[in-house]
Amino acid sequence: MAAQTLILIEHDRRQVKRPSLHAVTAAQQLGGDYAFLLLGKGLEEMAKSLTGHGATAVLVADDAALAEPLADRYATVIANAFQKTGATTLLATSSTFSKDILPRAAALLDAPMLTDVVAIEEKEGALSYQRPVSAGSMLATVQLKGDKRVLTIRAAAFAAPEGNATASRVENLAVDTASLPNGMQFVSREERVSDRPDLTEARVVIGGGRPLKDKETFDRLVGGLADSLGGAIGATRAAVDTGLAPNDCQIGQTGKVIAPELYIALGISGAIQHLAGIKDSRVIVAINKDPDAPIFQMATYGLVGDLHQLVPQLIESIRKG
Amino acid sequence: MIAMDQSVATREVFGNIAPWMRVLFFAMIFASIAILGCQVLAHWISWRKGRRGGFEMNPRIWLERLTIYALAQKRVHKKTLGALLHLLLFSGFVVLTIGTTLLAIADDGPYNFHHGWYFLIYELVMDVFGVAFILGCLLAMYRRAFQRKPSLGHNWRDWWLLGILLALGVTGFAVEALRMHYTQVQPWVAHWSTVGWLIDRTMLRGIDVPTAQAMHLASWWVHTILVAAFFATIPVNRFLHVITGPLNIAAHPERPMGQLVPLKMETVEETGLIGVGQIGDFNQQQLLSLDACMECGRCEDVCPATSSGKPLSPKFIVTDLRGVMANGGELHGVAINPDTLWSCTMCQACVQECPVLIGHVDLISDMRRYLVGEGKLSGPPARSLQQIGNQGNPYGRPNGDRLAWAEGLDVPTVESNPNFEYLFWVGCAASFDPRAQKVARATAQLLKKGGVNFAVLGKEETCTGDPARRIGDEFLFQERAQTNVETLGRRQVKKIVTACPHCHNTLKNEYPQFGGEYQVQHHSALLAELIEAGRLTNKAEADAKPITLHDPCYLARVNGEVEAPRTVIGAAKDEQFREMPRCGKKTFCCGAGGGRMWFDEPPAQRVSNLRAEEAIATGAKTLATGCPFCLNMMSDGMAGAKGGQNVKVLDIAEVLLSRQPPTG
Amino acid sequence: MTQPIAKILVAFKSVPDPYEEAAPGGSGSTAKSVINPFDEIAIEEALRIRERGEATEIVGLTIGPATVDEQVRAAMAMGVDRAIRIDDSRALDPYAVARILHAAVQKEAPQVVLMGKQAVDDDSNQAGQMLAGLLGWPQATFVSKVEFLDNGDRARCTRETDAGLEVLEVKLPAIITTDLRLNEPRYVSLPGLMKARKKPIEVLTCEQLGVQVEPLTTTISTARPPKRTAGTRVESVEELVAKLKEEAKVL
């Protein structure tokens, strides 16, 4: 079961989350072999689905005590597995799941950790890692000391792995339930009805203004573009006032202040009220039919034209990849 | 004609009243006045729980104010039933009180002057004002029973008061008529007491003297008991304002409307107190002012917060605080909700309306200061204040970008043109708000066309601190004020022109508190001067569409500038100019003042919606204004209102610039 | 609950003001420092818990040189009862921070440690979880709601996860890290800050705490990603998508 990199796989109790596998590409860049680690209850099918990705082994900790991802138990089991495999890198794709559990495991392993790695480079024999800091406005290059490390990588920065014909073995890890921490208890889960992320935390936000006319158009264009990019939807105060979008979508001085990596403003002229809420966005795209709209002064990229034509084209173009 | 024997032209006073009854009479009257006195004293003691001072101490100002606001009732006059009935009641009450006092002096004084021509005219005057008084009571009852204006407030005490006043008037005439009947006054004398005489001639016909005497005695007692009851119950009903109103009118401190009272850091360090946390943290004059309120509701009628459905009524601020003063208890969060205080736009409409000069905005400002000091402010307004502190403007934009609006205009700065006459104070909105930037551009172009020698501060300019002061962070304001006064001093600024009424107000009325004395003009005033000097033209094109003007509160009401913006858009000569019902000093707020610009507001509660509808109703196709915040709010209001999409919202400078002939 | 929690420790970091845009051409190093916004939310929550009568003492804790005292004062002005600064001017990584906090927590023995889910300068999102691991305490991360149950023996926390909301119960003592939607921190006015200026700050060193840390991560460089050129007009959707992919690298 030895491997140089141990990749923690995330699942939703039914299937493996695809972005989890992007860590394979990072593991390949790190060099050496890698094993998968899967924790939970009733994992047989999922473990099988992981055998075609070139891992030396698929380690499975399948126990009722691990039915819910409680950080204290999970970190303990993961740290034990890491030591058992003799791995030097513990790796996962960034998510609230991995960010909750892996730092705790890193502390148990007495290892340094980096989150949200977007690039791995080798310079003069030493590995260095790039990761965004200050809400994505800066890119830091970092080196690590010691012989162990814990990393989470951004799925977007590492490609999905290609399939590998060599089937991996599935190995069960014995879980000593009695020795697991017992201070945390799962109560309930309420999954978001919409798949869209929270406005203030989304990496991509699509904002809509009053020229979208009615709610149906707003949902189709703003919502459609948001969904094609996995982004959140936002709106100007004027759009909220006229009922195009709910009040909690309002971005601006008196609404939410956002700082996404990409903000796309559809039919937004650029009232100060709104600009105050988007000024910290890294890239701003404006699509508006008025070439003199103030939003263009702030936009990284401006496109003048009719929303009703351009936005469906844009959605189509993004869908195609 | 019957000979007029002047000696019969007089009346008896206590003729029908036995000596023991007279003693009882005086005992009752003095007892009721004593009860009144004690209760007023109790009020006095409760006012003294406040911080010392706050009173206007100049007797000449007292006299002036009492003449204008108490005697001439300046603030009461309006074209309403309420104003009319108040006039009747007020004049009736004043004349009848003076008359009764004169009677007492004549009867018990060393020299009885109560006869002859004096007596006849006295009787006539008393009858006329007695009728006025009764009419006033009846109208008030009608208003209470049928109009039931909600802002007036209704409770059983009001009926008690009106009932007792009406009964006093009616029994007064009954006593007069019965006295005349049994003393058989000669007709030529009786005619002067017209009402009594008419009652005598109609209702008392055929009643014999002893019966009349008995009836007189009975009604005299009823009248006397009513008088005693009236005095004793004054402090528990609206009538108290007859005493407290004039006191507050005299005592209210003389200050420009747009100036808030500065706090001293030393005082804060000494007392550990910022603003008003407990009722006793108000000053004594403020506590007195609470008791001056007679709950007429005029403040509420003009309040933009009340009319847009926010949880604020200036009247309830006063009466709720009065409740705490009288009965004790917690002020913040119990008697007064923080949301109530944050709802105020500080438009000063209530202050302008109040007949007894209550300073609602000062009360609210003091309580806001406490909330801010206690860390009860969070969310968007907190962010704006932080940005004023950190970046020097509420938008949180780099202060170095202050000249972005002027790109391509070659606007002179204090560095490129150090010998400027006017400093053009641009303000944060016009520096950073893309819409207001156009106003700054228009203003600068007009100043150039008009040949004005001006300059701008560029990145040396920072927020005046107005939003900080109105929201309640007095010391952030003072920090800004000191910085700006220092900058203006270094640049030797004497005359300032600005397109923002809030900057205008703060620079003009509040910076002198920090040693900054300038001649400050709103751009409308300077532009009007340029028009009058013939350097700019305000002539509208022949086919111009209807235009109306929204007066910014801090320009018109607070600083009295009503004519200049009208001159700039050529209102006097423009047949297409439409005035809104609420205009000039009686303008209606856009909803942005008092720091409200920086608060989140549910769409249904936007003041600008109401104002937009009012403007649309005039048929105007252009709404001109003179404030970047009004511009912002009214644009939003128009966009949401029915028919508002066809109305352009412009600054007066933009209107004026469009009327200038093209120059080479 | 009847028995208030005796002590809540709030750990906070001083960071450059995230709302301050560096002046054009400037280095950005002159930016004012503020309390990390997520930590400010943690402080606010501790204060609200105390204001509800569910906690007795709020202790603030930070690590840094004397220059961060201004943020310590801001925390005190918000209402923190007393504050400790661990004097260390090195560029520490989250694990080093967690180890120092670990030593301080053992000394102070609070029932709850509250801190932001991440600092907005390095965006690591690790220190709280690491501290929990070192202490062996339960943790609730990315929390948007906190309630105390059973006389303050347990806390029920709502967490914001990628999929939605998750409710956990943790036994105290525990670490809670705060997310954006937990609350809106109160505004600290100037007099509040000035009053706080008089309160003493307890300054400790790692030596006094008996902890020796050596950061294991080294930042070699930080660079601004290709700066956005304001107002580039594109002519078509194709050109836009190409720019977003190749130039801005956001797709």
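The values are calculated or read from the model by the stated rules, or taken from the named source; none is laboratory data. Just so you know, these numbers come straight off a predicted model, no measurement behind them. In this analysis, Cβ positions are derived from the backbone assuming ideal geometry, glycine residues included, and neighbour counts consider all displayed protein chains.
Could you please tell me which pairs satisfy a Cβ distance under 7 Å, a separation of 6+ or placement on different chains, a first residue in segment B:464-485 that is farther than 16 Å from B:L341 by Cβ, and a second residue that is in a helix (DSSP H, G or I) and small (G, A, S)?
B:G465/B:A481; B:L476/B:G389; B:L476/B:A468; B:F477/B:A468; B:R480/B:A468
Looking at segment C:83-95 only, could you name the residues that are in contact with a strand residue (DSSP E or B) (Cβ under 6 Å, 6 or more places away or on another chain) and either aromatic (F, W, Y) or away from every other protein chain (no Cβ under 14 Å) (or both)?
At the first step, the residues of segment C:83-95 found to be in contact with a strand residue (DSSP E or B) (Cβ under 6 Å, 6 or more places away or on another chain) are C:83-88, C:93.
Those that are in contact with a strand residue (DSSP E or B) (Cβ under 6 Å, 6 or more places away or on another chain) and either aromatic (F, W, Y) or away from every other protein chain (no Cβ under 14 Å) (or both): C:A83, C:I84, C:R85, C:I86, C:D87, C:D88.
Which of (1) in contact (Cβ under 8 Å) with a residue 60 or more places away in the chain; (2) touching a Cys at 6+ places or on another chain (Cβ under 6 Å); (3) at the interface with another protein chain (Cβ under 8 Å from one of its Cβ atoms) is the odd one out, the single condition C:V146 does not satisfy?
If we test C:V146 against (1) in contact (Cβ under 8 Å) with a residue 60 or more places away in the chain; (2) touching a Cys at 6+ places or on another chain (Cβ under 6 Å); (3) at the interface with another protein chain (Cβ under 8 Å from one of its Cβ atoms), just (3) comes out false.
Here is a check on your reading of the model: is A:Q297 surrounded by 20 or more Cβ atoms within 10 Å (Cβ to Cβ), within 10 Å of chain B (Cβ to nearest Cβ) and under 21 Å from B:Y395 (Cα atoms)?
no
May I ask you to list the residues in segment B:620-664 that are farther than 20 Å from B:C553 by Cα, modelled with pLDDT of 95 or more and in contact with a Pro (Cβ under 9 Å, 6 or more places away or on another chain)?
Listed by number, the residues that qualify are B:A620, B:K621.
List pairs: first in segment A:105-124 and within 8 Å of another protein chain (Cβ to nearest Cβ), second among the acidic types (D, E), Cβ under 8 Å, 6+ apart or cross-chain?
Once the first residue is within 8 Å of another protein chain (Cβ to nearest Cβ) and sits in segment A:105-124, its partners that are among the acidic types (D, E) give A:P112/C:D93; A:T115/C:D123; A:D116/C:D123.
Can you name every residue in segment B:557-600 that is of a type in the set (A, V, I, L, M) and over 19 Å from B:A305 (Cα atoms)? I'd like the intermediate steps shown before the answer.
Of all residues in segment B:557-600, those of a type in the set (A, V, I, L, M) come to B:558, B:562, B:564, B:568-569, B:571-572, B:580, B:592, B:597.
Hits for segment B:557-600 are B:V562, B:A564, B:V568, B:I569, B:A571, B:A572, B:M580.
Within the set of pairs 6+ apart or on separate chains, which have a first residue in segment B:640-664 that is on the phi > 0 side of the Ramachandran plot, a second that is among the charged types (D, E, K, R), and C-beta atoms under 9 Å apart?
So the pair list comes out as B:G643/B:E613.
Residues being more than 29 Å from the chain's Cα centre (by Cα), among the polar types (S, T, N, Q) and under 27 Å from B:A430 (Cβ atoms): count how many of those fall in segment A:279-319.
So the count comes out to 2.
Hey, among A:L127, A:L109, which residue is surrounded by 17 or more Cβ atoms within 10 Å (Cβ to Cβ) and hydrophobic (A, V, I, L, M, F, W, C)? If you could, list the steps in order and put the result at the bottom.
Working: A:L127 fails: surrounded by 17 or more Cβ atoms within 10 Å (Cβ to Cβ).
Exactly one residue qualifies, and that residue is A:L109.
Considering each of C:V188, C:V211, C:V234 in turn, give the residue that is more than 22 Å from the chain's Cα centre (by Cα), surrounded by 13 or more Cβ atoms within 10 Å (Cβ to Cβ) and farther than 27 Å from A:D198 by Cα. Reasoning before the result, please.
Working: C:V188 fails: more than 22 Å from the chain's Cα centre (by Cα); C:V211 fails: more than 22 Å from the chain's Cα centre (by Cα).
Residue meeting the stated conditions: C:V234.
Which ones in segment B:327-360 are among the aliphatic types (A, V, I, L, M), closer than 20 Å to B:R65 by Cα and not in a loop (DSSP other than H, G, I, E, B)? Can you show your working first?
Going residue by residue through segment B:327-360, those that are among the aliphatic types (A, V, I, L, M) are B:331, B:334-336, B:341, B:346, B:349, B:351, B:356-358.
Narrowing further to those that are closer than 20 Å to B:R65 by Cα: B:349, B:351, B:356-358.
B:A349, B:V351, listed by residue number.
From C:P18, C:P37, which residue is under 27 Å from A:L144 (Cβ atoms), modelled with pLDDT under 95, surrounded by fewer than 24 Cβ atoms within 10 Å (Cβ to Cβ) and under 15 Å from the mean Cα position of the chain (by Cα)? Before you say what the answer is, go through the steps one by one.
Numbers: C:P37 fails: under 27 Å from A:L144 (Cβ atoms).
It is C:P18.
Of all residues in segment B:433-477 being within 14 Å of another protein chain (Cβ to nearest Cβ) and among the β-branched types (V, I, T), which is nearest to B:Q492 (Cα to Cα)?
That would be B:V439.
Right, C:L216: within 24 Å of A:L139 (Cα to Cα), surrounded by 14 or more Cβ atoms within 10 Å (Cβ to Cβ), within 24 Å of the chain's Cα centre (by Cα) and aliphatic (A, V, I, L, M) or not?
Numbers: within 24 Å of A:L139 (Cα to Cα): yes; surrounded by 14 or more Cβ atoms within 10 Å (Cβ to Cβ): yes; within 24 Å of the chain's Cα centre (by Cα): yes; aliphatic (A, V, I, L, M): yes.
When the stated conditions are applied, C:L216 passes them.
Going by what's in this entry, would C:E169 be described as away from chain B (no Cβ under 14 Å), acidic (D, E), in a strand (DSSP E or B) and surrounded by 14 or more Cβ atoms within 10 Å (Cβ to Cβ)?
Spelling it out, C:E169 is indeed away from chain B (no Cβ under 14 Å), acidic (D, E), in a strand (DSSP E or B) and surrounded by 14 or more Cβ atoms within 10 Å (Cβ to Cβ).
Answer with yes or no whether B:R179 is among the basic types (K, R), crowded, with 20+ Cβ neighbours inside 10 Å and in a helix (DSSP H, G or I).
Values: among the basic types (K, R): yes; crowded, with 20+ Cβ neighbours inside 10 Å: yes; in a helix (DSSP H, G or I): yes.
Taking the combined requirement at face value, the residue satisfies it.
Can you name every residue in segment C:172-185 that is within 11 Å of chain B (Cβ to nearest Cβ) and buried (at least 18 other Cβ atoms within 10 Å of the Cβ)? First the steps, then the outcome.
Residues of segment C:172-185 that are within 11 Å of chain B (Cβ to nearest Cβ), as a first pass: C:183-185.
Residues satisfying the conditions are C:N183, C:P185.
Given the conditions (1) touching a residue at least 60 places away in the same chain (Cβ under 8 Å); (2) part of a helix (DSSP H, G or I); (3) of a type in the set (S, T, N, Q), and given that A:S269 satisfies all but one, which numbered condition is not satisfied?
(2)
Is it true that some residue in segment B:110-130 is over 17 Å from B:L89 (Cβ atoms), surrounded by 16 or more Cβ atoms within 10 Å (Cβ to Cβ), aliphatic (A, V, I, L, M) and at pLDDT below 90? If you could, list the steps in order and put the result at the bottom.
Let us first name the residues in segment B:110-130 that are over 17 Å from B:L89 (Cβ atoms), namely B:110-124.
Keeping just the survivors that are surrounded by 16 or more Cβ atoms within 10 Å (Cβ to Cβ) gives B:114-115, B:119-120, B:122-123.
Restricting the remaining residues to those that are aliphatic (A, V, I, L, M) gives B:120.
Imposing the further condition that a residue be at pLDDT below 90 reduces the set to none.
No, because not a single residue in segment B:110-130 is over 17 Å from B:L89 (Cβ atoms), surrounded by 16 or more Cβ atoms within 10 Å (Cβ to Cβ), aliphatic (A, V, I, L, M) and at pLDDT below 90.
Can we say A:P312 is surrounded by fewer than 22 Cβ atoms within 10 Å (Cβ to Cβ) and either at the interface with another protein chain (Cβ under 7 Å from one of its Cβ atoms) or at pLDDT 90 or above (or both)?
Taking the combined requirement at face value, the residue satisfies it.
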